[in-house]
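A.B. asks: Here it is: the structure, laid out below.
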Amino acid sequence: MSLATEAPLDGKAAVDASLRWVNRYAKLGPAFHTTLPPQPLPQPYWVGQSRSVGQALGLPENWTESEDLLQALSGNRPLAGSQPVATVYSGHQFGVWAGQLGDGRALLLGETESGLELQLKGAGRTPYSRMGDGRAVLRSSIREFLCSEAMHGLGIPTTRALCVTGSDAAVRRETIETAAVVTRVAPSFIRFGHFEHFAANEQPEELRRLADFVIDHYYPACRGTPKFAGNAYAALLETVSERTAALLASWQAVGFCHGVMNTDNMSILGLTLDYGPFQFLDGYDPAHICNHSDTQGRYAFARQPNIAYWNLFCLGQALLPLIGEQELALAALESYRERYPAELETRLRAKLGLAQQADGDRELVEDTLRLLAAEKTDHTIFWRRLSHFAADGQAASVRDLFLDRTACDAWLHRYEARLAQQDRQQASASMLRCNPKFVLRNHLGELAIRQARDKDFSGVEKLLALLAHPYDEHPGHEAEAGFPPEWASSIEISCSS
Ligand code: AMP
Ligand code: MG
């Protein structure tokens, strides 16, 4: 343990000493960002705090009580050694080239020795704010905070969130709301759109510097590989394609809809990035559109894997000047088409508790999804109940989820026959470790947000505790693991945040 982490956080100096900055992205130079301070957030208060992220950053235990850190993470005073910048990127939004975008309300404070970058989302206007006010509202900040930590708890690659700080400062959306700042944490916030930006602006030197930066810092194995005739940029595209394939398989297996899979919201590290109108499925509906602003359903649940490929194609286009040969770029992208179905099958087999391959497994997996889609059966509850059924053979709790009992019985019969080929207790134990009991359903987030508007943050804290360990039983919290209430289907989540 370093001296810094032992120091009490009882003053600015101690807070500042606990974070040692290296700021590698800022060193890329002015073509990549604009240096500017955050905009102060008046009279901030803590809304939510993740102790495990604090630990990852090497913050002392008592950071959660530090007034100095609260002020710093609300943009009210600089952290010594940080070097705040807003980064520039471009991108395709809803399938259309949108030109320059950039961090319009996020400010990268820098990177610490932990290898993690800190970013304040909602920290005020930047040169990339366009018509926006640079702010984020309390509801969307709570959703981002909780979902980041929920995804991490599920074992799905994601940016993390250290905390949310709120203020009574007014922010205008459809109605007047209040402002908040999320402190996001990740090894890098570089997006596909950062590459698209320099490619579209015909800045080959900057494009190369960015690609070299990503390879050197995050994917050093891309250099010196015999693959692609030693072309490191093709290897980069392949690696990102593989990471994205694994990410998408994780989303589809857990029933996560991102909602705005624009290329500027795609992480070069394959992390879930930019939580806006996301949703965990209640009923299993492949056509589900979680984003009220997505009138065409471009980002409907079942379309996500193809959209990811489309986005990778945009990244491939952007990297083409570096890769040189179109065939190499296409070969690198091909890895997504191979990897995604394999990754998904692995996860779905695990959800069913099928340890060894057997004939007919693929059909069983496909028919399971068909069965769920037929009645839009509750996704999370089905898989969790099935995990218990694998051990105890009590079919009632699974059958209760279906109106068409004949179809359910036929499926259960097949599934039991397949389970008989292996140890049911073991299957159940492993299923309970990959079929969560708790996911951040819209209505759960909504209830915590309503409380938080009245300055009661206990709902946020309770959900964080459940979602950080979503595979545990958490006795006494059956309500949070139950069916959504009637009103949940009327919650409208849009791009407005
Ligand atoms: P998003 O749809 O959240 O991925 O944002 C797309 C672009 O709009 C990014 O460049 C954001 O920085 C920018 N943006 C979104 N909301 C705001 C806001 N309130 N103020 C300034 N820029 C924003
Ligand atoms: Mg975004």
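The values are calculated or read from the model by the stated rules, or taken from the named source; none is laboratory data. Since this is a predicted model, take the numbers as computed values, not measurements. Because the Cβ atoms are built from the backbone with ideal geometry, glycine has one as well, and the counts that use them run over all protein chains shown. Accessible surface areas use protein heavy atoms only, side chains included; no ligands, DNA or RNA. Shrake-Rupley method; radii C 1.70, N 1.55, O 1.52, S 1.80 Å.
A.B. asks: With a ≥ b ≥ c the root eigenvalues of the C-alpha gyration tensor of the stretch 377-497, is it rounded (a/c under 1.5), prolate (a/b larger than b/c) or oblate?
C.D. replies: prolate
A.B. asks: Follow-up question, since we're still on this one. Name the residue farthest towards the positive end of the dipole of the stretch 145-290 from the options 181, 164, 204, assuming +1 on Cβ of Lys and Arg, -1 on Cβ of Asp and Glu, about the Cα centre.
C.D. replies: With unit charges placed on the Cβ atoms, the residue in question is 204.
A.B. asks: Same structure, new question: Can you bin the stretch 19-186 into rounded, prolate or oblate? Criterion: square roots of the alpha carbon gyration tensor eigenvalues sorted a ≥ b ≥ c, rounded for a/c under 1.5, prolate for a/b above b/c, oblate for the rest. Please list the in-between numbers first.
C.D. replies: Working: a/c = 1.33, a/b = 1.14, b/c = 1.16.
Here the stretch 19-186 falls in the rounded category.
A.B. asks: Taking 0.36 nm per residue of separation and subtracting the Cα-Cα distance, what length does fully extending residue 202 through residue 22 add?
C.D. replies: Value of the extension gain: 61.9 nm.
A.B. asks: If you find the alpha carbon centre of the stretch 251-269 and of the stretch 169-206, how far apart are they in angstrom?
C.D. replies: Distance between centres, Cα-based: 15 Å.
A.B. asks: Taking the Cα centre of the stretch 354-432 as the origin and placing charges on Cβ (Lys, Arg +1; Asp, Glu -1), which of 431, 408, 421 is farthest toward the positive end of the dipole?
C.D. replies: 431
A.B. asks: Hey, another quick one. For the pair residue 416/residue 461, report the inter-label distance in nm, with labels modelled 7 Å from Cα in the Cβ direction.
C.D. replies: 4.7 nm
A.B. asks: Over the Cα atoms of the stretch 354-432, compute the convex hull volume and normalise it per residue, giving Å³.
C.D. replies: On the way: hull volume 6.4 nm³, N = 79.
It comes to 80 Å³ per residue, whole-number rounded.
A.B. asks: Oh, and also: Using a cut-off of 9 Å between beta-carbons, work out the net charge of the residues near residue 90 (Lys and Arg +1, Asp and Glu -1, residue 90 not included). Spell out each step's value before the answer.
C.D. replies: Details: positive: none; negative: 196, 264.
With Lys, Arg at +1 and Asp, Glu at -1, the net is -2.
A.B. asks: In deg cm²/dmol and to the nearest 500, what is the mean residue ellipticity at 222 nm of the chain if only DSSP H runs of at least 4 residues count, each as -39500 (n - 2.57), divided by the residue total? Working shown, then result.
C.D. replies: Working: 17 runs with 215 residues, N = 497.
After summing the helix terms and dividing by the residues of the chain, the value is -13500 deg cm²/dmol.
A.B. asks: Over the stretch 7-78, what is the relative contact order in percent, taking alpha-carbon pairs closer than 8 angstrom and at least six residues apart?
C.D. replies: On the way: 55 pairs, mean separation 32.0, N = 72.
The value is 44 percent.
A.B. asks: Between residue 129 and residue 404, with labels modelled 7 Å along Cα→Cβ, what's the label distance in nm to one decimal, could you check?
C.D. replies: 5.3 nm
A.B. asks: Whenever you get a sec, compute what percent of the accessible area on the stretch 1-136 sits on carbon and sulfur atoms (1.4 Å probe).
C.D. replies: 56 percent
A.B. asks: What does the charge add up to near residue 254, with Lys and Arg as +1, Asp and Glu as -1, over the other residues with Cβ less than 11 Å from its Cβ? Spell out each step's value before the answer.
C.D. replies: On the way: positive: 347, 351; negative: none.
It works out to a net charge of +2.
A.B. asks: Sort out for me the Cα centre separation of the stretch 69-141 from the stretch 360-401, rounded to whole Å.
C.D. replies: If we compute the Cα centre of each part, the gap is 42 Å.
A.B. asks: Please work out the average accessible area per residue across the stretch 354-432, using the 1.4 Å probe convention, and give it in Å². If you can, show how the numbers build up before the last one.
C.D. replies: On the way: 4040 Å² over 79 residues.
Ligands and nucleic acids excluded, the result is 51 Å² per residue.
A.B. asks: Between residue 346 and residue 478, 0.36 nm times their residue separation minus their Cα-Cα distance comes to what? Spell out each step's value before the answer.
C.D. replies: Values: separation 132, 0.36 × 132 = 47.52 nm, distance 2.91 nm.
Extending this stretch completely gives an extra 44.6 nm.
A.B. asks: Above 35 Å lies some portion of the pair distances; for the chain, what is it as a whole percent of all C-alpha pairs?
C.D. replies: Details: 43238 of 123256 pairs.
Cα-Cα pairs of the chain separated by over 35 Å account for 35 percent.
A.B. asks: Considering only the other residues whose Cβ falls under 11 Å of the Cβ of residue 135, what net charge follows from Lys and Arg at +1 and Asp and Glu at -1? Let's see the in-between values first.
C.D. replies: Values: positive: 105, 121, 125, 172, 173; negative: 133, 177.
It works out to a net charge of +3.
A.B. asks: Within the chain, how many Lys pairs sit with Cα atoms under 20 Å apart, leaving out pairs fewer than 8 places apart on the same chain? Working shown, then result.
C.D. replies: On the way: 351/376; 351/437; 376/437; 437/462.
For the chain, the number of qualifying lysine pairs is 4.
A.B. asks: By residue number, which cysteines of the chain lack any other Cys whose Cβ falls under 4.7 Å from their Cβ?
C.D. replies: 147, 163, 222, 314, 408, 434, 495
A.B. asks: If packing is taken as the mean number of other Cβ atoms within 10 Å per residue, what is the order of 177-190, 53-66, highest first?
C.D. replies: Values: 177-190: 24.0, 53-66: 18.2.
Highest-to-lowest ranking by the protection proxy: 177-190, 53-66.
A.B. asks: Under a crude label model (7 Å from the Cα following the beta-carbon direction), how far is residue 223 from residue 174 in nanometres?
C.D. replies: 5.1 nm
A.B. asks: Another question, if that's okay. What size of dipole, in debye to the nearest 20, comes out for the stretch 1-126 about its Cα centre when the only charges are +1 on Lys and Arg C-beta atoms and -1 on Asp and Glu C-beta atoms? Before the final figure, lay out the partial values.
C.D. replies: Working: 9 positive and 11 negative charges, 106 e Å.
I would put it at about 500 debye.
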